[in-house]
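Below are the structure tokens for one structure; questions will follow.
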Amino acid sequence: MDKFSGLKVLYHPDHVKATLERRSMYPVHVNIDTINYCNHRCIWCSAYEEQQENHKEIDYASLVSALKEGAERGLKAVTHIGYGEPTLYSRFLELVKEIHSNGIEQGIFTNGAFPERYCEPMVKAFTWVRFSLDAASTPVHNIVHGKTNTFDSIIRNMKTLLSLRKGPESFTVGVQYALHQKNREDMVAAARLVKDLGADYFSVKPVIMRGAVGVRCDKFEMDPDRVLKDLETLSAMADDSFEVLYKPYQFQVNNTPFAHMENERFHRNYTRCYALNFEWWIRHNLDVDICGPMKKKIGNLKEQSYASILNSDLYRQVVENIDIDRCYRGCRPHYLNEAMHRLECPEFKIHRNFVG
Ligand SMILES: C[S@@+](CC[C@H](N)C(=O)[O-])C[C@H]1O[C@@H](n2cnc3c(N)ncnc32)[C@H](O)[C@@H]1O
Ligand code: SF4
């Protein structure tokens, strides 16, 4: 099993059972989006539109209170992600400590350009930190992340985190590489660099054109054979202590290298979204969504308690109106949905109770 496996649902049997019985559940995992600003300017940033607005921060007390309520209702993990750089949130370290004290696991997507003094509290409270590195050198990093000249300090932070941890059983450091023609030349070197530093994994995701991404970023145009060759080279670097990860279906979304094959190869077997019983998103304006990219709002924590959202009319309407054929095709919980669909299999012919 790897980090992207949909079979992870089996660690949450109550949720699986309820979902198969079509009962609504509070999620196991919540993504939080604490701010809408960033110190980098990635050419492909899917949050570009939100970052054009005035700087906004989440209301700390409301967020903490919702997460505490969540923990009482089965919340196990929080990912810091969202429309900006999570480490810039003015109460970031305080929030991390508070979430940790409530027994909730944490992960973070970060550009890595945070103060080095953050490393120690992060190692104490996080299960994983994923650096959106996207380059192997300052010149390429400056091209794709905006001219920040932060590449060396990001690598220093990665080294510090790796030196502070007890080992990959207690805390992992990984890298995500958003692949585009502007940084392709650096990809294999970036994987070598972080593997040599002792990172645990390297994950590749093609730059996906959605929202306002096309305003500043050229359409993804790369020779599919070269992409496949690079992915093979990366995969050959994997060993017991270094994973190479990517989701082939994300390479079949429009404007990514396999777009020409998409109708042949991308197929959703499921007809409903099971993921909404496992994962929610809390936005910096305290909106609660059941889908990240599609922003399907089910409530707002300024007006409602966390608990009341699940029983609201809006929740029911949103869930009933999901048209899976119109969903974002790079969807992160695609493998979860495929796994749940297989478990739901209504066919008599599998003889579901004859296990072994
Ligand atoms: C929106 S960022 C927010 C967190 C943090 N600032 C970071 O960069 O890790 C979350 C992740 O989405 C990725 N991302 C942003 N826009 C993307 C796009 N258009 N296609 C693919 N990945 C994208 C980033 O590279 C990053 O790994
Ligand atoms: S670092 Fe993250 S939030 Fe900032 S511009 Fe890049 S992708 Fe967007």
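Derivation of every value follows stated rules applied to the coordinates shown; laboratory data play no part. Please read these numbers as outputs of a predicted model, since none were measured by experiment. Cβ coordinates were reconstructed from backbone atoms using ideal geometry, including for glycine residues, and neighbour counts include every protein chain displayed.
Gln52 passes all but one of (1) in contact (Cβ under 8 Å) with a residue 12 or more places away in the chain; (2) under 30 Å from Val204 (Cα atoms); which number fails?
Going through the list (1) in contact (Cβ under 8 Å) with a residue 12 or more places away in the chain; (2) under 30 Å from Val204 (Cα atoms), Gln52 breaks only (1).
A further question follows. Can you pull out every residue in the range 96-120 that is touching a helix residue (DSSP H, G or I) at 6+ places or on another chain (Cβ under 7 Å) and under 22 Å from Gly70 (Cβ atoms)?
Within the range 96-120, Val96, Lys97, Glu98, Ile99, His100, Asn102, Gly103, Ile104, Gln106, Ile108 qualify.
With under 23 Å from Arg73 (Cβ atoms) and buried (at least 20 other Cβ atoms within 10 Å of the Cβ) as the only criterion, which of Phe126, Phe114, Phe131 stands out?
Just a single option satisfies the conditions, and that option is Phe126.
Another one. In the range 1-41, how many are surrounded by 18 or more Cβ atoms within 10 Å (Cβ to Cβ), in contact (Cβ under 8 Å) with a residue 60 or more places away in the chain and closer than 23 Å to Gln106 by Cβ?
Number satisfying all stated conditions: 18.
Does Ala113 satisfy the condition of being of a type in the set (Gly, Ala, Ser), under 28 Å from Phe220 (Cα atoms), within 16 Å of ligand 2 (Cβ to nearest atom) and touching a Lys or Arg at 6+ places or on another chain (Cβ under 6 Å)?
The answer is no for Ala113.
Let me ask you something else. Name every residue in the range 80-89 that is surrounded by fewer than 22 Cβ atoms within 10 Å (Cβ to Cβ) and either within 13 Å of the chain's Cα centre (by Cα) or more than 12 Å from ligand 2 (Cβ to nearest atom) (or both), in order of residue number.
Residue satisfying the conditions is Ile81 alone.
Continuing with the same structure: Identify all residues within the range 59-104 that are within 16 Å of ligand 1 (Cβ to nearest atom), closer than 25 Å to Phe278 by Cβ and touching a Pro at 6+ places or on another chain (Cβ under 7 Å); write none if there are none.
Matches in the range 59-104: His80, Val96.
Quick one: how many residues across the range 4-58 are of a type in the set (D, E, K, R) and away from ligand 1 (no atom under 14 Å from the Cβ)?
Going through the range 4-58 one residue at a time, the tally reaches 9.
Mind listing whichever residues of the range 20-52 are more than 21 Å from Glu69 (Cα to Cα) and either of a type in the set (Ser, Thr, Tyr) or away from ligand 2 (no atom under 14 Å from the Cβ) (or both)?
Hits for the range 20-52 are Leu20, Glu21, Arg22, Tyr37, Ser46, Tyr48.
The conditions are (1) under 17 Å from Asp289 (Cβ atoms); (2) part of a helix (DSSP H, G or I), and Met340 fails exactly one of them. Which is it?
(1)
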